[in-house]
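Engineer: Structure in structure tokens, see below.
Taken together, the values in this text are just the output of simple stated rules run on the coordinates, not laboratory data. Every value quoted in this text rests on a predicted model; they were computed, and no experiment measured them. Neighbour counts run over all protein chains shown; Cβ positions are idealised from the backbone, glycine included.
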Amino acid sequence: MLKLGVLASGRGSNFQAIIDSIESGYLDAEVAVLITDNPDAYAIKRAEKHGIPHLVMLPKEHPSKDAYYEAIAQELKKREVELVILAGFMRVVKKPLIDAYPMRIMNIHPALLPSFPGLHGQRQAVEYGVKVSGCTVHFVDEGVDTGPIIIQAAVPVYDDDTEESLSERILRQEHRIFPYAIKLFAEGRLSVEGRVVRIEGHKKEDFFFTNPPLE
Ligand code: GRF
């Protein structure tokens, strides 16, 4: 069974979607640990409720950013974590962790990358005036939201959308595609060639998420 390590900074609704997918039997995996950089993260409550061990690890307790990510990598390796999930982890992960888990760290971003990387992807989409936005699950490299794309889901952007209304529409898709991407990984169906991720034996269903029916 695939061992996951989840890093989250806040609300943890994507973390919850992953927990629910495991508990329903959709995803054959186990969350070995939740690591957070925020002692007040609601994600901690979710971990406690589901009997998942959690650690609060603060950058200020380490001499450098590299040392912080080295310490996180050690905690993950200690628990034999195979795949690292960034579920609303509000920091740019540094080299020591990326090197410890090459193409083994997944992030979810609330925009259709490569559009609108960085913070506030939903607000950027509303302000730019795009008509379609969405979310992206990608492997993490050393850039900000630049790693190989695993799966995306699109949603419409309406004239009267606000950052909040678009965020909510996108979030519903996040909760679908993140567990799905992890499931593809767990089934050994993902391979990376350059910056292109291929889904082995892909079927029409694998692309459902790229064309969700408009609401
Ligand atoms: C999500 O919008 C995700 O795309 C972004 O941070 C937010 C986390 O939400 N990376 P939650 O903590 O999973 O509820």
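Engineer: If you plug each phi of the range 146-151 into the Karplus form 6.51 cos²θ - 1.76 cosθ + 1.60 with θ = phi - 60°, what whole-Hz ³J(HN,Hα) values come out, in order, with x for Gly and Pro?
Structural biologist: Coupling constants for the range 146-151: 10, x, x, 7, 8, 7 Hz.
Engineer: Using Cα pairs under 8 angstrom and six or more residues apart, how large is the relative contact order of the range 107-215, in percent? Can you show the working numbers first?
Structural biologist: Details: 171 pairs, mean separation 28.1, N = 109.
Once divided by the residue count of the range 107-215, the mean separation gives 26 percent.
Engineer: Let me ask something else. May I ask you to derive the relative contact order of the chain, considering only C-alpha pairs under 8 Å and at least 6 residues apart, and to give it as an integer percent? The partial results should precede the final answer.
Structural biologist: On the way: 399 pairs, mean separation 39.2, N = 215.
Rounded, it is 18 percent for the chain.
Engineer: Counting residues in the chain as N, plug N into 2.2 N^0.38 Å and put the Cα Rg over that result. Don't skip to the end; give the middle numbers.
Structural biologist: Values: Rg = 16.6 Å, N = 215, 2.2 N^0.38 = 16.9 Å.
Rounded to two decimals, the normalised Rg is 0.98.
Engineer: How far is helix 163-186 tilted off the main Cα axis of the chain, in degrees rounded to 10, range 0 to 90?
Structural biologist: 60
Engineer: For Asp141, list long-range residues whose amide hydrogen, built 1.01 Å from N in the peptide plane, is under 5 Å from its own amide hydrogen.
Structural biologist: Result for Asp141 returns Thr146, Gly147.
Engineer: What is the set of long-range amide H partners of Leu7 at a cut-off below 5 Å, with H atoms built 1.01 Å from backbone N?
Structural biologist: Answer set, sorted by chain and number: Ile35, Ile85, Leu86, Ala87.
Engineer: So if I take the centroid of the Cα atoms in the range 104-164 and the same for the range 1-50, what is the distance between those two points in Å?
Structural biologist: 22
Engineer: Right, next: Going Cα to Cα from Lys45, which aspartates and glutamates come in below 16 Å? Please leave out same-chain ones fewer than 8 positions away.
Structural biologist: Answer for Lys45, where 16 Å is the Cα cut-off: Asp20, Asp37, listed by chain and number.
Engineer: Additional query: Sort Thr162, Thr146 so that the residue with the fewest other Cβ atoms within 10 Å of its own Cβ comes first and the one with the most comes last.
Structural biologist: Result, fewest neighbours first: Thr162, Thr146.
Engineer: For the range 106-200, which GluC sites (Glu not before Pro) pass both filters: DSSP loop (anything but H, G, I, E, B) and at most 11 other C-beta atoms within 10 Å?
Structural biologist: Details: sites: Glu127, Glu142, Glu163, Glu164, Glu168, Glu174, Glu187, Glu193, Glu200; in loops: Glu142, Glu187, Glu200.
Answer in residue order: Glu200.
Engineer: Here is the link list: Lys49/Lys78; Lys60/Lys183; Lys49/Lys131; Lys95/Lys183; Lys94/Lys183. Which ones come out longer than 32 Å on Cα distance? Each step should come with its number before you reach the end.
Structural biologist: Values: Lys49/Lys78 23 Å; Lys60/Lys183 34 Å; Lys49/Lys131 39 Å; Lys95/Lys183 26 Å; Lys94/Lys183 25 Å.
With Cα atoms farther than 32 Å apart: Lys60/Lys183; Lys49/Lys131.
Engineer: Would you please give the FRET efficiency between Lys65 and Arg11, computed as 1/(1 + (r/R0)^6) with r the Cβ-Cβ distance and R0 = 41 Å, to the nearest 0.05?
Structural biologist: Values: r = 24 Å, r/R0 = 0.59.
The computed FRET efficiency comes out at 0.95.
Engineer: Okay, next question. From zero outward in steps of 5 Å, how is the percent of C-alpha pairs of the range 107-215 spread across the bins?
Structural biologist: Bins of 5 Å from zero give 2, 13, 24, 23, 19, 11, 6, 2, 0 percent of pairs.
Engineer: Calculate, in nm to one decimal, what Asp160 and His50 gain on full extension: separation in residues at 0.36 nm each, minus their alpha carbon distance.
Structural biologist: Working it through step by step, the gained length comes to 35.8 nm.
Engineer: So what are the ³J(HN,Hα) numbers for the range 85-92, from phi and the Karplus equation (6.51, -1.76, 1.60; θ = phi - 60°), rounded to whole Hz, Gly and Pro as x?
Structural biologist: 10, 8, 10, x, 8, 8, 9, 7
Engineer: Follow-up. In nm², what is the average projected area of the convex hull enclosing the Cα atoms of the range 1-101? All intermediate terms of the calculation are to be shown ahead of the outcome.
Structural biologist: Details: hull surface 23.2 nm².
Approximately 5.8 nm², given one-decimal rounding.
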